[in-house]
């Protein structure tokens, strides 16, 4: 089966399909998202579209409203255009922007970053503000001070080592969004660095702009495409799930038309064979679609393979493939198995570190407990910009990653090769040995996690000797008994937060960026039965946090108890 998979797999299909998908502005609830799903359906055949209303919440996740951008423009009053047509360049509108009342003429006020009240010394009521801070935060300030329109420049994840900086990408328009709770009272345009500097200079005098945005709520639904491959089989093994998020602005090629396209070609390939195992493929709106899907579907999957930014030409984008590790709170072998098949001297690859940021982090939560690996080329020079176009992808990357996915599935479906078995076991044990841990509680848990990872892997490979070695190095009596403190499913969303909480978290993330992943792992360890101090200690060790986050963790628990979300 392994050789037949690879013969059938045609990576050029993935690259060609990426070009097609990048033509659509794939906003949640937007018509472009629906058209992208239809394009994939025509390619893969039998599949179904699942629909989840956006006018409700799922678990602790508040959903954004549907947003369907139709057209618009931005120009200097009685002067030249800044954005000629949003129908052609939709990324120039901030996601979830409100619409204008026809053409609106507005005075422009420069508020610098625009994230804090101190930036609003000038009157901005009913005006357009020019800002370079986080658009979600700027939106909040715009609402508070009555601004009508935001002219935003903001580049996330700057990385000078690969020339990802405003000065090196001066004409790139960044993908930005207002917060999910935004209403339609504030209009937003995303600018390139050159456009921002140009308007900033003009705003020193008396600058007026004319703006037009036409948008509605589209389908106002999360649409998920589901395709099923194979059958339950005689052994009734747990299903395998494959995921790729389809949302993002036009062009959004590597992120993530590439993952969606590769998943489609993998499904096409698998359907050529009789497979004695159920495989479920999902094309989802990132994270929001996954949490909605898991609220009304069984979560009894063996593992998830998540494809997110897999098409990169590494020379052009400066990327390396990050094989995201499953977090410390969850035993796993799938990451190491994938790594074994991805080893290739022609490509850059890194592994061993867990980071959220894509749909895998929904699956690995303690309330779901599905081991998951995300394949993500990161960092990427053109990430979240108008320059993330298909010419930055290459068929060689699709072939490399797609073949590794198919070989991993072949190992599971028809039996492990000795080479795969040995490499995977060595990697699992090697990560245990390489962890230079001094705290006995942390060391004991990592030893147990490694033992459980090998125990799960023993279904496919003979690792009895290594398991015995690990078991002798773990004090089972010191392991906690599971408590199940969470009363919600999936990682923690923001439905519970009031404005004070949002201000608090904004400041915490500014000071400790790793808090994004830390808070979910901290709650996972509490859910596993660890006491407060040990949960803080292990989660801090996992993310290399040297500062003491006890105060922040205590505040989080206090608020969750007040909202009756944890015991």
Name the residue that is surrounded by the most Cβ atoms within 10 Å (Cβ to Cβ), counting only residues in the stretch 234-275 that are touching a helix residue (DSSP H, G or I) at 6+ places or on another chain (Cβ under 7 Å) and farther than 26 Å from residue 312 by Cα.
275
Does residue 224 fit the bill of being farther than 30 Å from residue 145 by Cβ and touching a helix residue (DSSP H, G or I) at 6+ places or on another chain (Cβ under 6 Å)?
yes
In contact with a helix residue (DSSP H, G or I) (Cβ under 6 Å, 6 or more places away or on another chain), buried (at least 19 other Cβ atoms within 10 Å of the Cβ) and not assigned by TED's automatic domain parsing to the domain that holds residue 431: which single residue out of 289, 311 fits that description?
311
Looking only at the stretch 507-523, decide whether some residue is within 23 Å of residue 290 (Cα to Cα), touching a helix residue (DSSP H, G or I) at 6+ places or on another chain (Cβ under 8 Å) and exposed (fewer than 14 other Cβ atoms within 10 Å of the Cβ).
no
Scan 437, 470 and give me the residue that is at pLDDT below 90 and buried (at least 17 other Cβ atoms within 10 Å of the Cβ).
470
Given the conditions (1) within 27 Å of the chain's Cα centre (by Cα); (2) surrounded by 19 or more Cβ atoms within 10 Å (Cβ to Cβ); (3) at negative phi, and given that residue 114 satisfies all but one, which numbered condition is not satisfied?
(3)
Just one of the numbered conditions (1) more than 21 Å from residue 174 (Cβ to Cβ); (2) over 27 Å from the mean Cα position of the chain (by Cα); (3) without any contact (Cβ under 8 Å) to a residue 12 or more places away in the chain is not true of residue 81; which one?
(1)
In the stretch 512-535, how many residues are in contact (Cβ under 8 Å) with a residue 12 or more places away in the chain and under 25 Å from residue 136 (Cα atoms)?
9
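Conditions tested, residue by residue: (1) over 30 Å from residue 20 (Cβ atoms); (2) not in a strand (DSSP E or B).
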position: 319; (1), (2): no, yes
position: 322; (1), (2): no, no
position: 337; (1), (2): yes, yes
position: 361; (1), (2): no, yes
position: 367; (1), (2): yes, yes
position: 391; (1), (2): no, yes
Closer than 20 Å to residue 494 by Cβ and crowded, with 16+ Cβ neighbours inside 10 Å: which single residue out of 107, 75, 62, 56 fits that description?
62
Could you please find all residues in the stretch 184-233 being surrounded by fewer than 20 Cβ atoms within 10 Å (Cβ to Cβ) and under 30 Å from residue 276 (Cα atoms)?
226, 228, 230, 231, 232, 233
Could you list all residues from the stretch 161-174 that are out of contact with any strand residue (DSSP E or B) (no Cβ under 7 Å at 6 or more places or on another chain) and either part of a loop (DSSP other than H, G, I, E, B) or at pLDDT below 95 (or both)?
163, 165, 166, 167, 168
So is residue 366 more than 30 Å from residue 192 (Cβ to Cβ), assigned by TED's automatic domain parsing to the domain that holds residue 306 and under 25 Å from the mean Cα position of the chain (by Cα) or not?
yes
Hits in the stretch 20-37 - residues which are within 21 Å of the chain's Cα centre (by Cα) and under 18 Å from residue 265 (Cα atoms)
21, 22, 36, 37
Working only within the stretch 388-431, note down all residues that are farther than 30 Å from residue 257 by Cβ and under 27 Å from the mean Cα position of the chain (by Cα).
424, 427, 428, 431
All but one of (1) surrounded by fewer than 24 Cβ atoms within 10 Å (Cβ to Cβ); (2) touching a strand residue (DSSP E or B) at 6+ places or on another chain (Cβ under 6 Å); (3) not in a helix (DSSP H, G or I) hold for residue 300, so report the exception by its number.
(2)
From the set of residues in the stretch 32-53 that are in contact with a helix residue (DSSP H, G or I) (Cβ under 9 Å, 6 or more places away or on another chain) and part of a helix (DSSP H, G or I), which is surrounded by the most Cβ atoms within 10 Å (Cβ to Cβ)?
36
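The values are calculated or read from the model by the stated rules, or taken from the named source; none is laboratory data. Just so we're clear, the structure is a prediction, and the values are computed from it rather than from any experiment. With ideal geometry, Cβ positions are generated from the backbone for all residues, glycine too; neighbour counts draw on all protein chains shown.
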